[in-house]
Amino acid sequence: DDDDDDDDDDEELDEDFDVEEEVTMEEFDDDDSGTYIDTAGTSYGDLALKCLQEVLDSAEFKGQYEIFSLKVNESRRRVLVSIDKVDDKFGSPTLDELTSIVRAHNALLELKGFPDDVAVETASPGATRNLRLPRELERFSELTMRVTYKGTVENPDATSDITKVVDIDEIDDSEVVFKLADVEENRPTKKGQGMNKKSREWRLRMPLDAVVRANLFIDI
C-alpha cells in the first residue's frame, strides 16, 4: 500500500502541470500578499486553498514556504498549485519537500471531504518563474532575468514595451538600474566573442513601476 501511495504522490507532482504554461501572471488578481489566486468561484477551489494555507501554516512548514499560485481549471476539474520556497536562491522546493507538502495537503483534503473527481497538482514556480512585481526584483537581484519595461523609459514617444535580458546593477525602494547580462543574445553574432564595450557599459535607470514583467532567465 505504501508503494501505491508513493505513486499517487508522484502523479500529483509530475503529471503534465507546467506552471509557466498554465499560470500566467496576467490572469490573476494580485492580492495584498502578492499571491496569485484563481479559484474560479468553485467551492472545491476555496477548500483546496484554505487547506493549503492551513498546511503551510503548520509547525512543520511555517515560514519556509508560501503559495506562489493556485489556479482552478474548471473544465478539467483540476487545482493547479505552485509552492515557493522562501529562502531558496531560486525559490524552488525540492521534490522531497513538495512530496511532504502534498501528503499533508491530501490528508487534510480527505478529512474535509474534498471531491474525489478533482485532481490537485503541485509544482514549484519553475526555472524561469514569473517575478511578482515589484517586490521580487530585489529578492532575485543576484540572478539574470528577462525584463519587459515601458518603452517610454528610453523614448518619451514610444508606444510599445521593450524586452531585454539584464542583471540588476542597483535597486532601492523606488528605482532599479539594469545592465545588460553577459548572455548569447547580448553578444555579437560572431561565435565566441564577448559583449562589446558599449554593451558592457550599458545602464538604464527606471522607476520600479516601469517594469511590466520579469522572469528568471536561464542561458542554455
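Observations
- Gain upon complete extension [Q193, L95; 0.36 nm per residue less C-alpha separation]: 31.5 nm
- Neighbours of E184 by Cβ distance under 12 Å: Lys/Arg scored +1, Asp/Glu scored -1, total 0.
- Distance between modelled label sites at E185 and K50, nm, 7 Å Cα→Cβ extension: 4.4
- Relative contact order of segment 34-167, defined on C-alpha pairs under 8 angstrom at six or more residues apart (%): 20
Laboratory data are not the source of any read-out in this text; all were calculated from the coordinates shown. Quick caveat: nothing in here was measured; it's all calculated off a predicted structure. All Cβ positions, even for glycine, are placed from backbone atoms using ideal geometry, and neighbour counts span all protein chains on display.
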